Each structure stands twice: as C-alpha cells, then as structure tokens.
1. For region 31-62, enumerate the residues that are out of contact with any Gly (no Cβ under 9 Å at 6 or more places or on another chain) and under 19 Å from W197 (Cβ atoms).
2. For region 196-251, how many residues are touching a Ser or Thr at 6+ places or on another chain (Cβ under 8 Å) and over 21 Å from R58 (Cβ atoms)?
3. What residue, of D84, D95, is within 14 Å of the chain's Cα centre (by Cα) and over 30 Å from E249 (Cβ atoms)?
4. Give region 39-95 a look and list any residue that's crowded, with 21+ Cβ neighbours inside 10 Å and of a type in the set (S, T, Y), or say none.
5. Identify, by number, the condition in (1) free of Cβ contacts under 8 Å to residues at least 60 places away in the same chain; (2) surrounded by 13 or more Cβ atoms within 10 Å (Cβ to Cβ); (3) among the charged types (D, E, K, R) that D139 doesn't meet.
6. Mind checking whether some residue in region 145-168 is in contact with a strand residue (DSSP E or B) (Cβ under 9 Å, 6 or more places away or on another chain), in a strand (DSSP E or B) and open to solvent by 50 Å² or more (accessible area, probe 1.4 Å)?
7. Please verify whether region 206-214 includes one or more residues that are of a type outside the set (A, V, I, L, M, F, W, C) and in contact with a Lys or Arg (Cβ under 6 Å, 6 or more places away or on another chain).
Amino acid sequence: WHRFLEGAADLSVIPRARIHEVVTKDGQNTLAEAFKKKKISLQTSLKPMLFYFAFNMRDPVLGGNEEKPRKLRRAISIAMDTEDFIRETQEGRADVCAGPVPSGVFGHEKGETVPRKSSIEEAKRLLAESGYPGGVGLDGKPLCIGFDSLMTKEDAAMSVWLTKRLAPLGISLEARTTSYKEFQKKLAQGTCQLFRWGWVLDYPDPENILFLFYGPFARCGGQTGDGVNCANYANPEFDRLFDRMASMENSPERLALVRKMQAILQEDVPWAMTLSLKERMLTHAWLGNVIPDGEPILNSLKYWK
C-alpha cells in the first residue's frame, strides 16, 4: 500500500483499515478528492463469487419445507436487511442479488433474495404465524438461534450485527465460533443452524451456482459425502428442473427454467441473504487498459499497458 502511494507500485487493492480514507462512505464507491488530485483511478467490478447466509434445512427448528419453518426463515431474512448489512459490515463492498445467480451469469436478476414487501412489522407477523409470537415458542421458551462461524474479526462483527437485527423480533443469537476444521465437521454432520459461507464460480454458468441447492449434492447425507449443498436443501421439483436445465444451451427455455428455480428458492428460503462481492482497485494514471476481472478469468494482466 505504501509502495503504491509512493508511485513504486502501479496498482493496489484498498486495505480494509484504509477504506474510509479512500472511498466516501456513501455506498457509491466515490473516490476521495485527495486521490483524484494524484490522478489515481478507482476500478470497481463484481467478483465471480457469492457470499451468503444459509439455514441448515435439516435443523429441527429452522429446517424443513413445511409452512411454519418457511415463515420463520422468511421472518429472519426480512429482519436481516441486506442493504443495512452491506452498509454496516461491508463498507459498500457488495451488491444485492435477487437470487443466487450473480451478475454477469445467464439468469441473473436484480433485487432482494427475499422480496421485502414491508418493514419489520411483516417479519413479526410471519414470526407469530410460524409459532413464535414475539419470539416466544408455544412452550413458553424464547427463541435462540445459533450462528455458526469462524474465529475471525469479521465473523465477530457479523454476530454483533445479527444480534442487533434479530432483537426487534424477540430472537436472541448464540455466537458459536469454531476453527475452520471444526466448522467443516459441523457442515458435514448437519449440526449448524444459521451460518455464512461463500462460493467462487468455476465457470460463468447458472448450473455452477444452482447445484448448490441440488438435493443429491447435500453436504450431510448426500450422494457424494462432501457435497456443495451446505444448506442441505432438498426439493423434488427444484431437482427435477435442475436435471433439465443443467446441460442445456442458453435459450429462452433455459432462462424460464432458471427463473422457476429461483422462484422456488425465494419461496423456500434456504438462504437468508445473497450478495455478490465487489473488487475495488486503485491504479495510477500511467497504467492503461485495466479492466478488473468480472468473470472467473484471472489472465487480464497480459492486456495491461
């Protein structure tokens, strides 16, 4: 970073600790005047990866495709306001996805993962209909959700944010931090409740995203034993559409299938939030032809001037 400021390095990512010196905190990625005067440019693009919060669909409280747990997941998802999350924890380094298919990939749609028709009042209504009015179950016990995460500062900050967002519903949060190895073990055993994870695209195609929800690829109890479906989501109709869509060429018919699949996911809510992460890079004026990678291709260096 210091080499870049001195002009000894042509480009640099922005260190997180310096972000507010470089970019104005307006969510618009506006470069500060001090850097503009030095003829430094800000390049922004979406990374070929997803960041998401997921429910364990095998969990006895949050899981299942019955009406009540679906309403519970939806209530929690509404409370986890995506734009507030981006503003408070990501310094604007993310973009909201309507579904799991990110920008630049066939089938991407803009908007929220869960349509937010209303405010927290809608979430409270859904919570009551799910059997937890005011966050209290029929047994008289307050609802407490475990957030399974890694032992990092970022995860600790997310736990604080989640606690704040769920408090108006009367839901408390138990931060269950662990090592990476132990976290992977929890995923394999299906003992997580709510967790955050991510996925880097191998290639820009909706098959490489939507298979994260394919029933046979469930991490716990799936056919492969190490499946990518970490939420352990299973819906026979979704799986049937995936089998049709997976190997099709892009076409209006395929787009219709992808939209149907994303509509099913919006109804079932296996993920509470879906984000595309942004890459922000600074370059000096003498470096030309720089276009940040927006696809899973990392060979752009040879084009720079």
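The values are calculated or read from the model by the stated rules, or taken from the named source; none is laboratory data. Computed from a prediction, not measured in an experiment: that's the story for all the values here. Cβ: placed from backbone, ideal geometry, glycine included. Neighbour counts: every protein chain shown. Ligands, DNA and RNA are excluded from the accessible area calculation, which covers all protein heavy atoms including side chains. Shrake-Rupley method; radii C 1.70, N 1.55, O 1.52, S 1.80 Å.
1. F53, A54, L62
2. 1
3. D84
4. If the condition is that a residue be crowded, with 21+ Cβ neighbours inside 10 Å and of a type in the set (S, T, Y), then Y52, S77, T82 are the ones that fit.
5. Result: D139 fails condition (2) only.
6. So far as region 145-168 goes, no, none of its residues is in contact with a strand residue (DSSP E or B) (Cβ under 9 Å, 6 or more places away or on another chain), in a strand (DSSP E or B) and open to solvent by 50 Å² or more (accessible area, probe 1.4 Å).
7. no
Let's see how each residue does on (1) touching a strand residue (DSSP E or B) at 6+ places or on another chain (Cβ under 9 Å); (2) in contact (Cβ under 8 Å) with a residue 60 or more places away in the chain; (3) open to solvent by less than 30 Å² (accessible area, probe 1.4 Å):
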{"site": "C192", "(1), (2), (3)": "yes, yes, yes"}
{"site": "W199", "(1), (2), (3)": "yes, yes, no"}
{"site": "P206", "(1), (2), (3)": "no, yes, yes"}
{"site": "N229", "(1), (2), (3)": "yes, no, yes"}
{"site": "N235", "(1), (2), (3)": "no, yes, yes"}
{"site": "D243", "(1), (2), (3)": "no, no, no"}
